[in-house]
Structure formats: structure tokens, C-alpha cells
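Undergrad: Below you'll find the structure I mean.
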Amino acid sequence: IYHNVNFSRAIQCLKEKPGRYAIIGLPCQLTSIDLFLSKEENQGIKERCFLKISLVCGYSFERNNLLALAAWYNTAFETITYRNGGRYRSFRFVSTDGSVQEYVAHPADNCRSLLAQNIAFDRFHAQNGCLWCVDHLGYCADIVVGDVWLARFRSDAQGVNIILIRTKLGEEIIQTVKGIDLTPGNLQDIIESQGVYAKGEIGEGMRRWREDSVFVPVHIR
């Protein structure tokens with residue numbers, strides 16, 4: 001579950017600490033980072049940012065959804081996690097005194113859970129820019145990762161990820177990774193997994209039209 005965050009500390013770290021960095025972020029964040037690194041005064045940082053990894057993103061939330069969810073459960077909290085114990089939505093509130101409260105929202109087994117899920121994840125709480133975004137699959141990244149919401153993996157509580165490789169560098173990196181089971185996928189897997197986020201509504205410059213009415217990024221690999 002994504003929220004808007006401040007990148008100032010990360011940028012300060014890039015400026016002050018030498019080394020090579022892999023940048024991980026949402027598609028819009030990576031686009032902003034590209035623009036930042038394209039400035040002449042940031043060329044030294046750009047040379048050290050050797051890899052960009054994007055998360056598949058539908059939309060990110062404002063803080064209001066957290067406040068609305070807490071009000072619904074009549075609780076105060078210091079921290080919150082959304083996927084406690086697996087891939088599905090189980091809210092865990094940790095209060096300032098250390099006490100923990102957990103609520104299952106998905107799959108909703110009663111009306112109260114269903115309402116809580118709608119409060120937490122309704123697009124009414126999304127950032128305005130997300131409602132116009134077409135870059136859900138990280139066009140500017142070398143590697144894109146995200147959940148695979150495919151029917152054949154529905155019983156897998158731990159979760160399976162989808163990996164999109166966009167550049168030669170991304171392919172080289174993935175080939176060096178050990179300890180994971182890679183199964184080839186196809187365009188239809190992406191469409192089934194991500195639904196509307198694998199398609200587009202606006203932004204002609206970032207997509208091309210296919211005969212099967214599916215929008216895919218111009219430079220997808």
C-alpha cells in the first residue's frame with residue numbers, strides 16, 4: 001500500500017555519501033528522479049545511480065484514509081501495517097503504548113469489514129494526480145516488480161511477484177539473482193494480473209495501440 005513520502009533525506013544521502021545506488025520507487029517518483037538527475041549540477045549523482053526499480057502502482061493515498069480508518073475503528077495508533085501475515089488486507093494498529101489491534105478487511109466476512117475496506121482503499125482518498133496517471137508499470141525503470149493477482153495463485157497466501165524487465169541492464173541484473181524461482185510470463189499475464197492498470201486512458205506519447213485494444217509502453221522489453 002503506497003503513500004506519498006518526502007524524498008529530501010534520500011536526496012541528501014545521495015549527495016553526501018559516495019557509492020553506487022539502486023533507486024526503488026513508484027513510477028511517478030522515478031520519473032521525478034530522472035528529471036532531477038538530468039540537471040547539470042546533478043550529473044555526478046546520476047553516474048552513481050546505476051539501477052532503477054519501479055513498483056507496480058495503481059494509486060497512492062493521502063493521510064486522510066488512515067485517519068478515516070482509525071476513526072471507523074475508534075482507535076488511536078502510532079504505526080499501521082496493511083498486510084499483516086500475508087498478501088491480503090489485514091490491518092494492524094500499534095498504539096503509542098505498544099498495544100496491538102488487528103482487523104481483517106479482505107476477504108471481507110461481514111458488512112463491517114467490507115465498509116472498512118472501502119474506507120481504507122476507496123479512490124476518494126487517492127492523490128489527485130493518481131486519478132490522471134497512465135504510468136502504472138514504471139516506464140522509466142530498468143526492472144518493475146509487483147503483486148501477481150492471477151487466479152491460479154489465489155490460494156498462495158505468501159504471494160507471487162511479477163517482474164518486468166525493460167532494459168538490457170535489468171536483464172543482466174535479474175540473471176545474477178540467486179535463490180528465486182523464475183517462470184516466464186506473457187503480456188496476457190500482465191493484463192490479467194493488473195487489470196485496468198495494464199491499459200491506458202490518456203497519454204498518447206507513452207503508449208502504442210495494438211489490434212487487441214491493449215495499451216503497452218512503447219519501450220517495454
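Undergrad: Multiplying the sequence separation of Val94 and Thr176 by 0.36 nm and subtracting their Cα-Cα distance, what value in nm do you get?
TA: Values: separation 82, 0.36 × 82 = 29.52 nm, distance 3.84 nm.
25.7 nm is the gain from fully extending Val94 to Thr176.
Undergrad: Now a separate question. If you stretched the chain out fully between Asn161 and His3, how much longer would it get, using 0.36 nm times the residue separation minus the C-alpha to C-alpha distance?
TA: Once the chain is fully extended between Asn161 and His3, it gains 54.9 nm.
Undergrad: Give the distance, in whole Å, between the Cα centre of region 30-46 and the Cα centre of region 106-158.
TA: Each part's Cα centre sits 30 Å from the other's.
Undergrad: Right, here's the next one. According to the Kirkwood expression over distinct Cα-Cα pairs, how big is the hydrodynamic radius of region 1-73, in Å?
TA: On the way: mean 1/r = 0.0713 Å⁻¹.
In region 1-73 this quantity evaluates to 14.0 Å.
Undergrad: Among the lysines, select those whose C-alpha is under 21 Å from the C-alpha of Lys168, and discard any that sit fewer than 8 residues away in the same chain.
TA: Qualifying lysines at Cα under 21 Å: Lys46, Lys52, Lys178.
Undergrad: Shifting gears a bit: Name the long-range amide H neighbours of Ser60: under 5 Å, sequence gap of 5 or more, or other chain; modelled H, no Pro or chain starts.
TA: Here the answer is Gln127, since their amide H atoms fall under 5 Å of that of Ser60.
Undergrad: Name the residues whose placed amide hydrogens come within less than 5 Å of the amide hydrogen of Lys52, ignoring near sequence neighbours (fewer than 5 apart) on the same chain.
TA: Under 5 Å from the amide H of Lys52: Ile23, Asp142, Ile143.
Undergrad: Would you please state the base-10 log of I(q)/I(0) at q = 0.17 1/Å for region 1-153, with intensities from the Debye formula using one equal scatterer on every alpha carbon?
TA: -1.08
Undergrad: Also, I was wondering about something else. List the residues whose amide H sits under 5 Å from the amide H of Gly146, counting only those 5 or more places along or on another chain, with H placed 1.01 Å from N in the peptide plane.
TA: Val56, Ile162
Undergrad: Using a probe of 1.4 angstrom, how much of the accessible area of region 11-141 is carbon and sulfur, in percent? Walk me through the numbers on the way to the answer.
TA: Working: 4070 of 7420 Å².
Taking all protein chains in place, region 11-141 shows 55 percent carbon and sulfur surface.
The values are calculated or read from the model by the stated rules, or taken from the named source; none is laboratory data. The structure presented is a predicted model; accordingly, all values stated were derived computationally and were not measured. With ligands, DNA and RNA removed, areas are computed over all heavy atoms of the protein, side chains included. Shrake-Rupley method; radii C 1.70, N 1.55, O 1.52, S 1.80 Å.
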